[in-house]
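The values are calculated or read from the model by the stated rules, or taken from the named source; none is laboratory data. What you are looking at is a predicted structure, and each value in this text was computed from that prediction instead of being measured. Every residue, glycine among them, receives a Cβ derived from its backbone with ideal geometry; neighbour counts consider all protein chains shown. When the accessible area is computed, the model is the full protein with side chains, heavy atoms only, and any ligands, DNA or RNA have been set aside. Shrake-Rupley method; radii C 1.70, N 1.55, O 1.52, S 1.80 Å.
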Amino acid sequence: TNDVVLTAVDGHVGLIIINRADKFNCLSMAVIKGIKGAEKHEANPAVRAILLCSEGKHFCTGADLAEVHG
């Protein structure tokens, strides 16, 4: 499983949650793959909206520069 992106359904809302609060929810390749993997919400007829959110204080601070320069 991809624990840097969590998914859930709450009523008619599909949730995609970036789970890298320790890294200010910056976008790594794993996060991008996790978000793309959340396409299963589109196939769920009960889901009417999709909410992208994150854990912690920061929504997303951009690209993971350690990964880009690594």
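Before moving on, here are some points about what is shown:
- Total residues in the stretch 1-18, condition buried (at least 16 other Cβ atoms within 10 Å of the Cβ) and within 12 Å of Leu52 (Cβ to Cβ): 8
- Cys60 vs. criteria open to solvent by less than 60 Å² (accessible area, probe 1.4 Å) and in contact with a Ser or Thr (Cβ under 7 Å, 6 or more places away or on another chain): yes
- Positions within the stretch 19-51 being among the hydrophobic types (A, V, I, L, M, F, W, C), open to solvent by less than 80 Å² (accessible area, probe 1.4 Å) and within 13 Å of Val4 (Cα to Cα), in sequence order: Ala21, Cys26, Leu27, Ala30, Val31, Ile32, Ile35, Ala38
- Tallying residues that are modelled with pLDDT under 95, among the β-branched types (Val, Ile, Thr) and over 14 Å from the mean Cα position of the chain (by Cα) within the stretch 34-70 yields 1.
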